[in-house]
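One structure is given here, and the rest of the page talks about it.
The values are calculated or read from the model by the stated rules, or taken from the named source; none is laboratory data. From a predicted model like this one, the values you see are computed outputs, not experimental measurements. A quick note on method: Cβ atoms are made from the backbone with ideal geometry, for glycine too, and the neighbour counts reach across all protein chains shown.
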Amino acid sequence: MSTAPAAVEDAAGEIAAALRDAPFVRVVAAADGDALAASGVLVRALRQLGTPFQVRVEAVPDPIPGEGDDLVLGIGAGATGGDRSLTGADPASLVAAAAVRELGADVDPVLALAGVAAADRPLDAGDAATLLETARTETAVDRRPGLAIPTTDVSEGLAHSTLVHAPVSGDGEAARAALDDLNVGPDPTDEDRRRVASWLAIEATASSARAAEAVERVLRPHATPDGRFATIEGFGDVLDAVARERPGTGVALAIRDGGLRAAALDAWRAHARGVHTALREATTGRYDGVFVARTESAAPGRLGTVARLCRDFQSPEPVVLLVSDEGAAAASVDDARLGDAMREAIRSADVEGRSAGNGTRATAQFDTAVEVSRFVTAFREAL
């Protein structure tokens, strides 16, 4: 679902006006690819304008208003504090790009589009389509068959993508064996890419009716042969992973043009291996409307990705709640007020912790031990 273009322009105008007069800007972004990309788009503009800034990425963002004339800007799901907030139904990257245009600064269209892709929005519709046309005037962008991966190595992309969960996910050896069976070598043709994509679509959708739609995220990408990453969608996957896995590296990747590709890909691989392992090892239970998964192997930063993949490729219910000893994450198909439900669950279950989220996803961090069954009951009652 998207809002009218006017909503993007209105929000962008407010953000641009606030940034234009700010002597110092503090950006607090949610730990996801869209918020990270939006931060990079805005910060690059601030650098052009000579405005000093600070950026931090947090799983549970807490943008406390600044002192004096400093501007604190919250970006992404749950980042609703601060002096201004860039949240809402539209991808933050789209609003950020529009705000930068209002400021008269340059927009990195590929970075913004990677954020849109990370937000699971189409690149060829609405305001994103305008960015896509701009990107095509500045660099090579080619819609082609195959997989939305950040590298030219298909086996690596197949094993480490967090856009899909399939039997080979997280397992490089299994991915290479699958490509051998498909007779796909290191320099694939378009026909090879189609064959891999068709095979993955079948493998990934065997266990969930919803997966047939979700798998589209990883198919027919926009290739960027001259860019830092092989496809725009793959770049978005890296941004999302690094925001959750190594936020400091993520900030540097978003605000700088050169370097950090190797470090970002290392974070992407580590995130994927941990996420797919946690999803396979989780114990699950089904309730009316909620699919609950319990994990002991996922680091806090990985919970949101595990919850999303569980929703798309495993859950028979519209809402997924993932719980660990250190935190929780929830994901839903439609707006289920998950941010409110997570906050209420923490309060009702008497857990010391904090949370952030919106209608379709939420994250919580626990400061003390949590009784899982009590927390699950509290969350279900809060929906």
If Glu281 passes every condition in (1) more than 27 Å from Ala175 (Cα to Cα); (2) more than 20 Å from the chain's Cα centre (by Cα); (3) surrounded by fewer than 18 Cβ atoms within 10 Å (Cβ to Cβ) but one, which one does it miss?
(1)
Flag if Arg380 is closer than 20 Å to Gly76 by Cα, among the basic types (Lys, Arg) and modelled with pLDDT of 95 or more:
no
Quick check on my filter: what residues within region 173-188 are surrounded by 12 or more Cβ atoms within 10 Å (Cβ to Cβ) and over 19 Å from Arg269 (Cα atoms)?
Leu182, Val184, Pro188
Might you check whether a residue that is within 27 Å of Phe235 (Cα to Cα), of a type in the set (Gly, Ala, Ser), in a helix (DSSP H, G or I) and touching a helix residue (DSSP H, G or I) at 6+ places or on another chain (Cβ under 6 Å) occurs anywhere in region 275-298?
yes
Could you pull out the residue among Ala356, Ala336, Ala364 that is assigned to a loop (DSSP other than H, G, I, E, B) and in contact (Cβ under 8 Å) with a residue 40 or more places away in the chain?
Ala336
Of (1) over 18 Å from Val60 (Cα atoms); (2) of a type in the set (S, T, N, Q); (3) in contact with a helix residue (DSSP H, G or I) (Cβ under 6 Å, 6 or more places away or on another chain), Ser373 satisfies every one except (3)
Looking for whichever is of a type outside the set (S, T, N, Q), farther than 22 Å from Thr360 by Cβ and touching a helix residue (DSSP H, G or I) at 6+ places or on another chain (Cβ under 7 Å) here; the options are Ala270, Ala230, Ala206. Which one fits?
Ala270
Residue among Glu371, Glu326 that alone is at pLDDT below 95, in contact with a Pro (Cβ under 6 Å, 6 or more places away or on another chain) and of a type in the set (Asp, Glu):
Glu326
Condition set of a type in the set (Gly, Ala, Ser) and closer than 25 Å to Asp190 by Cβ, scope region 222-273, selection surrounded by the most Cβ atoms within 10 Å (Cβ to Cβ): answer is Gly236
Return only the number of the condition from (1) in contact with a Gly (Cβ under 8 Å, 6 or more places away or on another chain); (2) surrounded by 18 or more Cβ atoms within 10 Å (Cβ to Cβ) that Ala341 does not satisfy.
(1)
What do you reckon, is Leu42 buried (at least 24 other Cβ atoms within 10 Å of the Cβ), outside the structural domain of Arg361 (by TED's automatic domain parsing) and out of contact with any Gly (no Cβ under 9 Å at 6 or more places or on another chain)?
yes
Here's a check for you: in region 64-90, which residue that is closer than 17 Å to Thr51 by Cα and without any contact (Cβ under 8 Å) to a residue 24 or more places away in the chain is nearest to the chain's Cα centre (by Cα)?
Glu67
Matching residues in region 64-89 - criterion: being touching a Lys or Arg at 6+ places or on another chain (Cβ under 8 Å) and crowded, with 24+ Cβ neighbours inside 10 Å
Leu73, Gly74, Ala77
